[in-house]
Amino acid sequence: MGKKPIVAGNWKMNKHPEEGSSFVDEMQDLLLDIKHVSVIFAPPFTGLFEMNVDPPFYVAAQNCHWENSGAFTGEISVSMIKDCGAKYVIIGHSERRHIFQESDDWINKKLRSVQSSGLSPIFCVGETIEQRESEQTDKVLRSQLEKGLSGINSIEDCVIAYEPVWAIGTGLTANNKQIELAHQTIRDILSSNYKDVEDIHILYGGSVNSSNAEDLIQVTGVDGFLIGGASLDLKSFSSIARTVEMVQEKKI
């Protein structure tokens with residue numbers, strides 16, 4: 001049967017706690033019979049402790065600080081996230097890299113902190129449109145992966161998310177060949193440093209919606225999705241999860 005695909009929804013700065021809690025309750029009812037897909041909700045920090053989920057449903061934080069406590073105004077530690085019941089933490093999202101200027105060093109510290117706490121990082125990598133057009137995609141992915149994972153001995157608990165920056169929230173989607181090649185590049189880079197890389201989930205993110213999900217989930221190397229805008233809508237997100245479930249059932 002292989003890996004169980006992941007459908008993760010990154011809500012970004014959307015949904016107040018009560019709204020998010022109601023959304024998750026409704027989504028679990030809509031997907032009550034889901035068996036072959038893991039569904040992850042990533043609300044803002046304010047919504048984390050309102051979530052009441054059981055497998056195959058999980059909760060993720062969108063970010064963290066690498067220190068466990070201290071004078072870091074406005075920051076949230078991994079232990080706080082864990083205490084809220086989350087299982088995953090998104091690290092290195094392009095919006096954190098480009099809007100908030102997070103460095104590979106910071107991302108590495110966060111990955112280490114998440115790992116040491118027993119939670120699972122969803123580690124995001126991806127190139128800008130300028131980098132793709134100048135044929136720098138492989139170089140960028142290698143740099144982000146090697147610097148982000150520096151000093152990390154095992155990635156068996158890691159999820160990698162390939163998100164081409166130019167396809168996030170733009171309506172543009174990388175074509176199937178671009179996605180397949182990028183996912184293979186990521187797996188090849190990981191294989192040079194780690195064992196059992198075939199067991200690692202590599203998700204695709206970038207304007208995934210209910211219309212293109214069936215096509216994208218069948219691209220070689222795609223183990224699920226990290227979804228932005230479409231994860232905010234009950235109908236869209238449940239449709240994507242059911243589509244992935246349907247494709248997975250055909251493989252069994």
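When the residues of the stretch 4-48 are narrowed to those that are over 24 Å from residue 64 (Cα atoms) and among the hydrophobic types (A, V, I, L, M, F, W, C), which ends up surrounded by the fewest Cβ atoms within 10 Å (Cβ to Cβ)? Here the residue is 32. Being over 18 Å from the mean Cα position of the chain (by Cα) and open to solvent by less than 10 Å² (accessible area, probe 1.4 Å) is the requirement here; does residue 189 meet it? Considered against the rule, which asks whether it is over 18 Å from the mean Cα position of the chain (by Cα) and open to solvent by less than 10 Å² (accessible area, probe 1.4 Å), residue 189 comes out as yes.
Going by what's in this entry, would residue 237 be described as of a type in the set (Phe, Trp, Tyr), buried (at least 17 other Cβ atoms within 10 Å of the Cβ) and not in a helix (DSSP H, G or I)? The answer is no for residue 237. Scanning the stretch 150-177 for residues that are within 16 Å of the chain's Cα centre (by Cα) and open to solvent by less than 60 Å² (accessible area, probe 1.4 Å) gives 155, 157, 158, 159, 160, 161, 162, 163, 164, 165, 167, 168. Among the residues that make up the stretch 42-50, is at least one of them of a type outside the set (Val, Ile, Thr), assigned to a strand (DSSP E or B) and within 18 Å of residue 12 (Cβ to Cβ)? So far as the stretch 42-50 goes, yes, one or more of its residues are of a type outside the set (Val, Ile, Thr), assigned to a strand (DSSP E or B) and within 18 Å of residue 12 (Cβ to Cβ).
Residues checked against (1) within 17 Å of residue 20 (Cα to Cα); (2) buried (at least 17 other Cβ atoms within 10 Å of the Cβ); (3) of a type in the set (A, V, I, L, M, F, W, C):
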position: 50; (1), (2), (3): yes, yes, no
position: 59; (1), (2), (3): yes, yes, yes
position: 64; (1), (2), (3): no, yes, yes
position: 77; (1), (2), (3): no, yes, no
position: 86; (1), (2), (3): yes, yes, yes
position: 96; (1), (2), (3): no, yes, no
position: 127; (1), (2), (3): no, yes, no
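Of all the numbered requirements in (1) surrounded by 16 or more Cβ atoms within 10 Å (Cβ to Cβ); (2) closer than 25 Å to residue 197 by Cβ, residue 136 misses one, and that requirement is (1).
The values are calculated or read from the model by the stated rules, or taken from the named source; none is laboratory data. Predicted model only: the values in this text are computed from it and were never measured. Virtual Cβ from ideal backbone geometry, glycine too; neighbours counted across all protein chains shown. Protein only, heavy atoms only, side chains kept; ligands, DNA and RNA dropped before computing areas. Shrake-Rupley method; radii C 1.70, N 1.55, O 1.52, S 1.80 Å.
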